[in-house]
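What follows is one structure encoded as structure tokens, with my remarks underneath.
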Amino acid sequence: MPSIAHDPEHRLWVLSGPGSSYVLHLDDNHRLRGLHWGPRLTLEQAVSLLNYPAPGRRSCEDPADGTLDFDTAGAMRYAHAGVQVRFPDGVRDLETLLVEHERLDHADGSTELVLRFADRHYPLALDTHYRLRPGTDVIERHLVLRHTGTATDGPVTVVRADSATWVLPRLGDYRLGQVRGQWSAETQLNRTPLPYGELVLTSRRGTTSHQANPWAMVDDGTTDEEHGAVWSCALAWSGSWRLTAQRLPTERVTLSAGFGHDPITWELAPGEELTTPLCAGAYTEGGFGAASRLWHRHVLDHVLPHPDELRPVLYNSWEATGFDIGITGQIELAEKAAALGVELFVMDDGWFGARTHDAAGLGDWTPNPDRFPDGLTPLIDRVHELGMQFGLWVEPEMVNPDSDLYRAHPDWVLHHPNRRRTEHRNQLVLNLARPDVIAWLHAQLDELVTKNAIDFLKWDMNRPFTEAGWPDAGTDPDRLWIDHVHNLYAVLDRLRADHPRLRIESCSSGGARLDLGILARTDQAWTSDNTDAVDRLAIQHGFSQLYPARVMGAWVTDSPNPYTGRSVPLDFRFHTAMTGVLGIGGDLNQWSKAELTRAADLVAAYKRVRHLVQLGEQHRLRPPGDGELTAVQFLAPDALECAVIALRCSRHFGQHDPALPLRALDPAARYRDTATGTVHHGAILLSHGLPLDLPPDDHASALVHLIREEN
Ligand code: DGJ
């Protein structure tokens, strides 16, 4: 069980999970210092840290710089400040006192520490929350700011309210792990030495973004996949965000993350409260692999709405038909998909309004009468008759100027007076901060899923914000950046509550909305529009650093790939997609009989191992780019079976594929290959590895399913 120990005399708190502790100390100036983030400590051991020699005082330095967990701006501190405000009289410094501390025990077994601070003079209360859940070293933190004054006090401008600042211990060196990307090349893993100064990972786009993802992992430069310590944090937010990694010349390092971006502010009115999103953090040992597995477990146990549910094999029509859709073609595809063993048929863009291309119709959420003269019901009924669930694409936050919605409400989009409205993909962003817009949006979707037997929505969002203004908003138009996300979350939560069988996929022009905030209210995420199986290896490797296979949508599409033109065998495409939530997105009308037969076999093979892929422990055996072979092992939590997926793009003449040493098996047990019947000793699989029998050709691949033999 997680524990929170408190030593009132030394004003110290020790927050402990199964393998780690986070220690907080309130100093004589009421500054909250992060004293320890690392291996588990007892209260007595943590108290002894107070006698630990402090670094010598240097001129022009406050030694507290870079050590504050509750990281407020003020006094002689010049380092990064996670909490910055401006009072109505222009004062920017915060001087806070701890007013009380409280421990909350929740019904789910989690426990929470709340430290309540207040400014010494101004009417502002600030509560920092730390929640520990059973069985994990992840600590979830957030901040609440409350204006405790009256109307005469005027608003407090919140310049920055990071959910958490994490204080790292002194290490020999510091390396930062992150993912960078762009459309069709999301989540590319990048590990670089942390430079001195402040490195800001950010999105200013109103969405999580393709370019960066709100998490970071720090190590001392020596950690590898299997060994070493990792300090990591992730923000649960789907709008603009900032994550600042700071390395001071004094070798103090902090990670600080929160919503919003420079220069967005929030006017906190008297009586008003601002709650930040969660920022979760964890210390782990056992390398990057162990850090990833801890995050995967956290997402499965504490983030996803239906974590135990296995995601169905889906078919999506987008790459097959684009905007050229109609009932006959969709039924034809659905019949072919059902024959392959597909369980969820998703009709993508192009079914509504005048949406026969990307320049019209967005916002008009009624079926196109030429394409669906009797509405969606005949298609949905047929899909259900075929034994599949029915899913539908929507992009509710957007509008094409050429739409009935925009003609009726041109003021409903984000816009500034005296400025052009920048269109991207011929569309504008609806202002979800407006109560009338959000009420309309909810009503549209509610009606759609109430009137039609829809099991699944693919919720897309294909462009970032521009001209993010709201001319009638009054004095605080900036808050639309935050309110957009709050209101989006509220609609998703309400739809899910009112339609409990509905499942939702998060999509944003590929993988631009992937974060712990959206995953708390969706069931899976679209990873990337790039479905080229070779490019996918790196994208999926980066995805897996924080997010589990259970949410990683992966389709098998046509060869040559419509985006990259690369030809890759069907098995390789399947095996790549099988390391996540398998989907098919190719034009099945073009697949040969032999391909359809093989595809049905591969779908069946996936179903036999998907409980391991989606709910098991992921061990990255060889990363892509590391030699010629990449491989992942998915292990049942009880280690009774595992699946290994190995992929090799090309092989030099005369070389052989190395055997793959597996992880976390019982050395004393024997494991039987379910396809060949070969029995392997656990000890040999762990030390010498699983021998592979891949053909010599380019793009060779295999799925091996091993089950522990009864003794
Ligand atoms: C972007 C998505 O990523 C695609 O999968 C597809 O749904 C298109 N939008 C449709 O416009």
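The values are calculated or read from the model by the stated rules, or taken from the named source; none is laboratory data. What you see is a predicted model, and the numbers here were worked out from it, not measured in a lab. Cβ coordinates were reconstructed from backbone atoms using ideal geometry, including for glycine residues, and neighbour counts include every protein chain displayed. Keep in mind that these areas ignore ligands, DNA and RNA; they rest on the heavy atoms of the full protein, side chains included. Shrake-Rupley method; radii C 1.70, N 1.55, O 1.52, S 1.80 Å.
Overview of values
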read-out	value
Theoretical FRET efficiency, 1/(1+(r/R0)^6), r = Cβ-Cβ of GLU226 and CYS60, R0 35 Å, to 0.05	0.20
Sequence of THR450, THR674, THR576 when ordered by accessible area, the most exposed leading, probe 1.4 angstrom	THR450, THR674, THR576
For region 262-335 versus region 631-652, the gap between their alpha-carbon centres in whole angstrom	24
Solvent exposure, largest accessible area first (probe 1.4 Å, DNA, RNA and ligands not counted), of TRP231, TRP440	TRP440, TRP231
Rounded, prolate or oblate (a/c below 1.5 giving rounded, otherwise prolate when a/b exceeds b/c) for the chain by Cα gyration tensor	oblate
Potential extension, TYR78-ASN452 segment - 0.36 nm per residue separation minus Cα distance	128.9 nm
Extension gain, HIS10 back to HIS656 (0.36 nm per residue minus Cα-Cα distance, nm)	226.4 nm
Relative contact order computed over the chain (Cα-Cα under 8 Å; 6+ residues apart), in percent	10
ARG419, ARG297, reordered so the largest accessible area comes first (probe 1.4 Å)	ARG419, ARG297
Whole-angstrom gap from region 665-711 to region 384-432, using each part's C-alpha centre	50
Dipole moment magnitude, nearest 20 debye, region 517-643 about Cα centre, only Lys, Arg, Asp, Glu C-beta charged	180
Amide H within-cut-off set for GLY689, under 5 Å, with H built and near neighbours excluded	LEU662
Under 15 Å from the LEU596 label point (7 Å along Cα→beta-carbon), backbone N, region 552-589	586-589
Ellipticity estimate at 222 nm from DSSP helix runs (n ≥ 4, -39,500 (n - 2.57)) divided over the chain, nearest 500	-6000 deg cm²/dmol
Added length on full extension, which subtracts the Cα-Cα distance from 0.36 nm per residue, GLU44 to ASP587	189.0 nm
Overall form of region 268-314 per C-alpha gyration tensor (a/c, 1.5; a/b vs b/c)	oblate
Euclidean distance of C-alpha centroids, region 96-158 and region 584-602, integer Å	55
Point-charge dipole on Cβ atoms (K/R +1, D/E -1) for the chain, about Cα centre, debye to 20	880
Exposure of SER16 as accessible area (Å², to 10), given a probe of 1.4 Å and all protein chains	0
